[in-house]
């Protein structure tokens, strides 16, 4: 799949999905994921149908169940990409869909295509998928991107170490730690980000998920971990700063650094979402 993504990087226009239709159902806000899926489908010669706010502009406002919506939309499309505010919604939808269904994020659950583009980005930036240390920083209790990234990293046996750095009230879930132990992936939990930055290959920042936690937890965690000009220099020249975006105060770097310092990888990371999702859709739907 990464070979296909590389091919689409070189030539991002194809007709392999001519005549195919992607159903886009987003019950939660999105910029990168929705636009990259829509762009991927168009660049592959297909089309898409859907709405940018299914909670407001679909029959959900009339009380229609997710299952009934999926039953209907799967009759109009060749594949459905679903984002939902409730954990487990993608599994519920997949159980009744008659076409392939892609989870584009379900509450605090998973975001598997983000993990796919994250791993692809690590490979492109470091030139390898082994022997690296990654610090996952921020709201690790609510952030589905880190959860999915850990699941995918658990498929490797390549001397990977994960360092979880979070406020004590927003630590990574025990289910993820149990999964990593079962798959013999080294990990540890820390609280001092600046002490870790000089030793990691990837600093994977995440925002505090205000919409998924209590006001008290948000107030306690906000601004605790920030990459700014005071500590950005702690990253080694070959290290990379990643973020699934959108970011808020957890990254406070001037534009000249974001645009010119090779250590800042998160814009390239976002662009990689297009190529990996093109690869995924072509893999799933081409004849």
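None of the figures in this text is laboratory data; all of them are computed from the coordinates on show. Since this is a predicted model, take the numbers as computed values, not measurements. Every residue, glycine as well, gets a Cβ built from its backbone with ideal geometry; the counts of neighbours run over all protein chains shown.
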Exercise. Quick one: of the DSSP bridges fully inside segment 112-253, what percent are antiparallel, nearest 5?
Worked result: 0 percent
Exercise. Which peptide among 178-187, 130-139, 85-94 comes first, and what is the full order, when sorted by highest mean count of other Cβ atoms within 10 Å?
Worked result: 130-139, 85-94, 178-187
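How large is the translational diffusion coefficient of segment 63-176 in µm² per second when you combine the Kirkwood radius over alpha carbon pairs with Stokes-Einstein at 25 °C and 0.890 mPa s?
157 µm²/s
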Exercise. Mind checking which of 109, 273, 45 has the largest fluctuation in a GNM of the chain, springs on alpha carbons under 10 Å?
Worked result: 45
For this session: Sort segment 83-122 into rounded, prolate or oblate with this rule: let a ≥ b ≥ c be the square roots of the eigenvalues of the Cα gyration tensor; rounded if a/c is under 1.5, and if a/c is not under 1.5, prolate when a/b is larger than b/c, oblate otherwise.
Result: oblate
For this session: Kindly give the semi-axes, whole Å and largest first, of the ellipsoid equivalent to segment 152-205, taking each as the square root of 5 times a Cα gyration tensor eigenvalue.
Result: 19, 15, 8
For this session: Specify the residue with the greatest mean-square fluctuation among 168, 108, 219, computed from a Gaussian network of the chain linking alpha-carbon atoms under 10 Å apart.
Result: 219
Exercise. Cα convex hull of the chain: mean projected area in nm², to one decimal?
Worked result: 15.2 nm²
Seminar exercise, completed: Taking the square root of 5λ for each eigenvalue of the C-alpha gyration tensor of segment 112-253, the equivalent ellipsoid has semi-axes, largest first and in whole angstrom, of 22, 19, 13
Seminar exercise, completed: With -39,500 (n - 2.57) per DSSP H segment of 4 or more residues and division by the full residue count of the chain, the 222 nm estimate, nearest 500 deg cm²/dmol, is -11000 deg cm²/dmol
Exercise. Taking 1 over the mean of 1/r across every pair of different Cα atoms in segment 217-287, what Kirkwood radius in Å do you get?
Worked result: 14.3 Å
For this session: Would you mind getting the Kirkwood hydrodynamic radius of segment 1-140 from its Cα pairs, rounded to one decimal in Å?
Result: 16.4 Å
